[in-house]
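Structure record follows, encoded as structure tokens.
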Amino acid sequence: MTDDEDREALLDRIPVLQGRPRSVVELSGGLTNENLRVTTTGPGGGDFVVRRFRGDEELLGIDRDAEHANSLAAAEAGVGAPVVDYLPHLGVLVIRYIDGLTFDNASFTDPKAVERAGLAVRRLHEGPRFTGDFDMFTRQSRYLRTVRDRGYRLFEGYTDYAEHFDRVRAALAVRAQPTVPCNNDLLAGNFLDDGERLWLIDYEYSGNNDACFELGNTSTECDLDADQVESLVASYFGRPLRDKVARVRLQALVSAYGWALWGAIQSAASRLEFDFDGWGRERLEKAARGFTSDRFAALLEDAVRGD
């Protein structure tokens with residue numbers, strides 16, 4: 001059976017698609033999913049995205065049942081695409097297709113885009129609580145153990161920043177706030193603009209977490225500069241609180257340092273033709289620059305005191 005025949009056979013097993021004329025277009029950008037836009041015609045037709053799971057979920061720490069539950073919660077919050085079906089025996093999640101512009105990093109050069117992103121994230125965080133928790137300190141430890149236990153190549157110099165990472169953990173613990181439902185992977189491509197609102201997509205790493213991790217992860221993945229980070233914090237919290245700006249900037253380092261190991265694991269284990277090694281090294285370099293910055297000590301101090 002060819003790949004196309006295998007794909008069509010799978011789609012024929014999805015109730016909402018069965019027996020309907022359809023067109024299929026593969027969407028770009030998926031590294032742990034194959035994302036297919038499937039448009040059906042005739043009475044009751046519709047536009048869907050079929051997320052076909054791939055990758056080693058155990059290695060990467062992906063819980064597909066939680067992804068489904070949290071996708072439903074995000075839809076209820078008004079920022080996630082409506083969920084149509086979940087078929088774990090087929091390794092498939094079906095959601096409604098959102099017709100809109102997918103952000104890239106350049107999108108955030110528009111100050112309005114940064115403001116809208118902060119408000120969309122806040123709307124998600126004010127929605128129904130998610131299934132499961134996400135903590136990058138715990139995940140980084142698990143990823144590092146996986147790399148070592150399986151003999152995968154660890155980036156040279158990675159452990160040189162373990163003490164810095166622990167200092168951030170201690171500072172963030174001082175004024176820790178209750179966790180909120182977070183996507184935890186809001187790179188630019190996970191923001192969709194339909195012209196009226198921003199939608200947040202892809203909940204495979206979702207879980208309840210520190211709101212500042214969400215903002216920090218977004219800031220580093222979208223390459224926001226210092227002014228843009230302040231604008232993001234201001235749109236989320238109402239004003240650019242100094243301690244919150246510091247927490248967000250520190251969580252950006254936590255994000256980069258932790259996800260670097262995701263790249264190391266994928267570089268060794270994934271069959272996809274993608275430069276996971278370079279992807280992971282780029283994040284380690286970002287973390288290293290932040291950990292060794294002249295501002296690092298000041299950020300730690302600002303994070304532990306009120307604005």
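For the range 129-142, state whether one or more residues are modelled with pLDDT of 95 or more, part of a helix (DSSP H, G or I) and closer than 18 Å to A303 by Cβ.
To start, the set of residues in the range 129-142 that are modelled with pLDDT of 95 or more comprises 129-142.
Now narrow it down to the ones that are part of a helix (DSSP H, G or I): 136-142.
So of that shortlist, the ones also closer than 18 Å to A303 by Cβ come out as 136-137.
Checked the range 129-142: at least one residue is modelled with pLDDT of 95 or more, part of a helix (DSSP H, G or I) and closer than 18 Å to A303 by Cβ.
What residue, among those in the range 50-68 that are within 14 Å of G207 (Cβ to Cβ) and part of a loop (DSSP other than H, G, I, E, B), is modelled with the lowest pLDDT?
Taking the range 50-68 and keeping what is within 14 Å of G207 (Cβ to Cβ), we get 60-68.
Now narrow it down to the ones that are part of a loop (DSSP other than H, G, I, E, B): 61-63.
Numbers: G61: 86, I62: 91, D63: 93.
The selected residue is G61.
Given the condition among the aromatic types (F, W, Y) and over 17 Å from the mean Cα position of the chain (by Cα), answer yes or no: does some residue in the range 125-134 qualify? No, that holds for no residue.
Do you know which residues across the range 84-108 are of a type in the set (D, E) and surrounded by 15 or more Cβ atoms within 10 Å (Cβ to Cβ)? Scanning the range 84-108 gives a single hit, D85. Do we find that P111 is assigned by TED's automatic domain parsing to the domain that holds T131, out of contact with any strand residue (DSSP E or B) (no Cβ under 6 Å at 6 or more places or on another chain) and either in contact (Cβ under 8 Å) with a residue 12 or more places away in the chain or surrounded by fewer than 19 Cβ atoms within 10 Å (Cβ to Cβ) (or both) in this structure? Here the answer is yes, as P111 does meet what is asked.
Taken over the range 57-80, the criterion of being over 20 Å from F191 (Cβ atoms), touching a residue at least 60 places away in the same chain (Cβ under 8 Å) and surrounded by 15 or more Cβ atoms within 10 Å (Cβ to Cβ) is satisfied by L59, L60, G61, I62, D63, R64, A66, A69.
Restricting R20, R51, R37 to residues that are crowded, with 16+ Cβ neighbours inside 10 Å and closer than 30 Å to N184 by Cα narrows the list to R51. Set side by side, the residues G195, G151, G118 differ, and just one is among the small types (G, A, S), in contact with a Gly (Cβ under 8 Å, 6 or more places away or on another chain) and either outside any strand (DSSP E or B) or assigned by TED's automatic domain parsing to the domain that holds S71 (or both), which is G195.
The C-beta contact set for the range 36-55 (first residue at negative phi, second residue among the small types (G, A, S), distance under 7 angstrom, 6+ apart or interchain) comprises T39/S23; T40/G46; R52/G91; F53/G91. Scan the range 187-245 for residues that are in contact (Cβ under 8 Å) with a residue 40 or more places away in the chain, aliphatic (A, V, I, L, M), buried (at least 21 other Cβ atoms within 10 Å of the Cβ) and within 29 Å of R305 (Cα to Cα) and the total you get is 6.
The values are calculated or read from the model by the stated rules, or taken from the named source; none is laboratory data. Quantities reported herein were computed from a predicted structural model and do not represent experimental measurements. Here Cβ is always computed from backbone atoms with ideal geometry, including for glycine, and neighbour counts include all displayed protein chains.
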